[in-house]
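Participant: Here's a structure for you.
The values are calculated or read from the model by the stated rules, or taken from the named source; none is laboratory data. Worth saying up front: this structure is predicted, and the values here are computed from it rather than measured. Positions of Cβ are generated from backbone atoms using ideal geometry, with glycine treated the same way; all protein chains shown enter the neighbour counts.
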Amino acid sequence: MSVILSATKWSEESPANFTFYQYSKVKFKKFKIKYMIARLSLIQLLLFCSIFFISIPALPQGSNWTQFRGSSGTGQAESENIPVKWDESAIKWKREIHDKGHSSPVVFGSQIWITTARDDGKELYAICIDFKTGKLVYDIKVFTPEESEEKHELNTYATPTPCIEKGYVYVNYGNAGTACINTVNGSVVWKNSDYKCKFVQGAASSPVLYKNLVILHYEGVDVRFLVALDKATGKLVWKSDRPEEPYKPLPDIGKKAYTTPLVLNIRGRDLLISNGSAVCIAYDPLTGKEIWRVVDGAESTVSMPITENGIVYWYTGFMVADDGSKYTDLLAVNPDGQGDITSSNILWRKKDDLAQNQMLTPVIKNGLIYTVNTRNFMLCIDARTGNDIWSKHVTSSFNASPLFINGNIWFFSVKGEVLVLKAGRQYEVVAQNKMDSGIWATPAVVRNSMILRTQNFLYRIGGE
């Protein structure tokens with residue numbers, strides 16, 4: 001694994017690590033400060049100054065978990081007190097879920113919602129479970145497609161995670177469509193099946209809510225676009241096609257992507273960051289207008305962008321070297337820009353030649369990125385430099401995204417293993433637990449409870 005630093009390289013000695021206030025406190029001679037600033041390139045100075053105008057609100061998860069990786073999209077639950085060692089007393093209830101699905105649970109009030117589907121994709125369901133008791137509230141057959149799209153053997157027909165708000169839950173099943181369900185009475189408010197692409201391996205991108213919109217990412221081998229639907233009616237508000245030029249060098253099979261967008265605020269303006277197989281684009285979420293792009297030229301991207309301290313990080317899909325070997329890149333990008341910022345705003349680029357793709361979305365906390373690559377190396381990465389802090393080979397694959405919960409990092413394996421590590425610069429195991437079957441869905445964490453989905457059951461662990 002290697003890290004390539006751009007012209008905006010960060011180092012312990014770089015002035016980019018200090019604020020202007022700190023400069024005034026450092027007891028250097030005036031000529032020394034001028035000398036250090038003179039060493040910076042114009043690009044460095046522009047990026048350094050722009051970071052102070054980036055405001056990424058740390059939205060609290062609160063008492064609800066409303067979308068993939070939580071209400072803030074960060075995969076963090078700061079103050080939740082989840083038991084780290086699980087026995088019968090820790091498990092409050094266990095509910096069997098019929099058929100198959102990799103969608104993660106979302107929680108609002110007394111309700112938990114997930115999706116599931118028949119293995120042939122001919123019946124697609126939305127299920128509601130009571131948070132306190134685990135009893136079934138609704139089991140709704142939402143779509144019954146006459147024909148099923150093809151999918152990868154590891155995927156399901158119910159992989160996109162729902163998003164939820166007071167009174168309504170929004171479910172997506174790829175080409176089968178999107179629906180809004182009234183959570184008070186279980187009625188289907190609207191359905192929209194107008195938007196399709198050739199995913200080839202099935203759908204996986206999750207919808208996100210923004211003001212009055214449900215935003216969806218469709219990226220296939222044939223067409224690639226984002227759509228925003230009116231939450232109340234399901235009608236189209238805007239549609240933004242991905243640019244064709246960055247995709248031309250890719251083979252058709254590599255032009256697909258399965259990522260979920262991220263919303264963040266830059267200089268008081270919201271951006272929708274949507275990574276893809278060839279290009280990551282920031283859009284105006286109200287209009288779908290492109291603000292900036294970074295062309296990274298990879299194939300079949302899966303992982304969602306993450307952010308901390310005004311910087312955005314994302315994985316490419318797998319890249320192919322001249323010798324035919326495959327690898328992925330992790331990029332750190334200053335998101336304050338316009339147009340094509342590929343050559344100006346990439347802070348560092350980390351090559352991972354031990355991974356062919358990145359399945360899970362990492363979690364970042366206090367300048368540390370925690371992840372597992374597809375060769376089963378668990379990594380802690382310095383978010384400032386891209387250097388590995390520690391690396392540990394594990395025996396399982398981890399496709400569910402890790403979570404930060406009250407000082408610990410939680411990982412969930414496809415073998416049903418739950419590994420709890422102490423967050424920090426040392427690899428320190430806090431606890432290990434084993435569930436009934438594999439875990440593909442990222443858990444929800446609210447009210448001192450973890451809502452965890454295995455291949456067979458939904459669990460509530462911890463809480464009163």
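Participant: Do the conditions hold for Ile364, that is, is it surrounded by 20 or more Cβ atoms within 10 Å (Cβ to Cβ) and closer than 29 Å to Ser103 by Cα?
Facilitator: Yes.
Participant: Note down all Cβ pairs under 6 Å where the first residue falls in the stretch 253-264 and is within 11 Å of Glu219 (Cα to Cα) and touching a residue at least 40 places away in the same chain (Cβ under 8 Å), the second is among the β-branched types (Val, Ile, Thr) and in a loop (DSSP other than H, G, I, E, B), and they're at least six residues apart or on different chains.
Facilitator: Lys255/Val221; Lys256/Val200; Lys256/Val221; Tyr258/Val302
Participant: Has the stretch 420-432 got any residue that is more than 24 Å from Ser71 (Cβ to Cβ), within 19 Å of the chain's Cα centre (by Cα) and touching a residue at least 24 places away in the same chain (Cβ under 8 Å)?
Facilitator: no
Participant: To continue, here is another question. Go through Ile266, Ile291, Ile273, Ile253 for me and flag whichever is buried (at least 18 other Cβ atoms within 10 Å of the Cβ), out of contact with any Lys or Arg (no Cβ under 6 Å at 6 or more places or on another chain) and at pLDDT below 95.
Facilitator: Just a single option satisfies the conditions, and that option is Ile266.
Participant: Has the stretch 377-386 got at least one residue that is at pLDDT 90 or above, closer than 19 Å to Ile311 by Cβ, in contact with a strand residue (DSSP E or B) (Cβ under 8 Å, 6 or more places away or on another chain) and of a type in the set (Lys, Arg)?
Facilitator: no
Participant: Taking the criterion of being over 26 Å from Thr259 (Cβ atoms), acidic (Asp, Glu) and surrounded by fewer than 21 Cβ atoms within 10 Å (Cβ to Cβ), would at least one residue in the stretch 132-152 satisfy it?
Facilitator: Yes, the conditions are met somewhere in the stretch 132-152.
Participant: Residues in the stretch 93-105: is at least one under 23 Å from the mean Cα position of the chain (by Cα), under 20 Å from Lys166 (Cβ atoms) and crowded, with 17+ Cβ neighbours inside 10 Å?
Facilitator: For the stretch 93-105, residues under 23 Å from the mean Cα position of the chain (by Cα), under 20 Å from Lys166 (Cβ atoms) and crowded, with 17+ Cβ neighbours inside 10 Å: present.
Participant: Another question, if that's okay. Looking for whichever is over 15 Å from Thr260 (Cβ atoms), surrounded by 21 or more Cβ atoms within 10 Å (Cβ to Cβ) and among the β-branched types (Val, Ile, Thr) here; the options are Val169, Val221, Val189, Val214. Which one fits?
Facilitator: So the residue among Val169, Val221, Val189, Val214 that is over 15 Å from Thr260 (Cβ atoms), surrounded by 21 or more Cβ atoms within 10 Å (Cβ to Cβ) and among the β-branched types (Val, Ile, Thr) is Val169.
Participant: Taking the options Trp292, Trp238, name whichever one is over 24 Å from Val171 (Cα atoms), touching a Gly at 6+ places or on another chain (Cβ under 8 Å), aromatic (Phe, Trp, Tyr) and touching a residue at least 12 places away in the same chain (Cβ under 8 Å).
Facilitator: On the way: Trp238 fails: over 24 Å from Val171 (Cα atoms).
Going through Trp292, Trp238 in turn, the sole match is Trp292.
Participant: Please state which one of Thr395, Thr374 is surrounded by fewer than 23 Cβ atoms within 10 Å (Cβ to Cβ), part of a loop (DSSP other than H, G, I, E, B) and either within 20 Å of the chain's Cα centre (by Cα) or among the basic types (Lys, Arg) (or both). Give the steps one after another, and end with the answer.
Facilitator: Details: Thr395 fails: either within 20 Å of the chain's Cα centre (by Cα) or among the basic types (Lys, Arg) (or both).
Going through Thr395, Thr374 in turn, the sole match is Thr374.
Participant: Regarding Asn376, is this residue in contact with a His (Cβ under 7 Å, 6 or more places away or on another chain) and not hydrophobic (A, V, I, L, M, F, W, C)?
Facilitator: In short, yes.
Participant: Output the qualifying pairs, or none if there are none: Cβ atoms under 9 angstrom, residues six or more apart or on different chains, first residue in the stretch 333-356 and without any contact (Cβ under 8 Å) to a residue 12 or more places away in the chain and surrounded by fewer than 18 Cβ atoms within 10 Å (Cβ to Cβ), second residue in a loop (DSSP other than H, G, I, E, B) and not β-branched (Val, Ile, Thr).
Facilitator: Sorted first by the residue in the stretch 333-356, then by its partner, the pairs are Ser343/Ser6; Ser343/Ala7.
Participant: Name the residue, out of Ser396, Ser437, that is free of Cβ contacts under 8 Å to residues at least 24 places away in the same chain, in contact with a strand residue (DSSP E or B) (Cβ under 6 Å, 6 or more places away or on another chain) and of a type in the set (Gly, Ala, Ser).
Facilitator: The unique qualifying residue is Ser396.
Participant: If you don't mind, there's one more thing I want to ask. Going through the stretch 241-251 one residue at a time, which ones are more than 15 Å from Tyr218 (Cα to Cα) and touching a residue at least 24 places away in the same chain (Cβ under 8 Å)? Explain how you work it out, then say what you get.
Facilitator: So in the stretch 241-251, the residues more than 15 Å from Tyr218 (Cα to Cα) come out as 245-246, 248-251.
Across the stretch 241-251, the qualifying residues are Pro246, Pro249, Leu250, Pro251.
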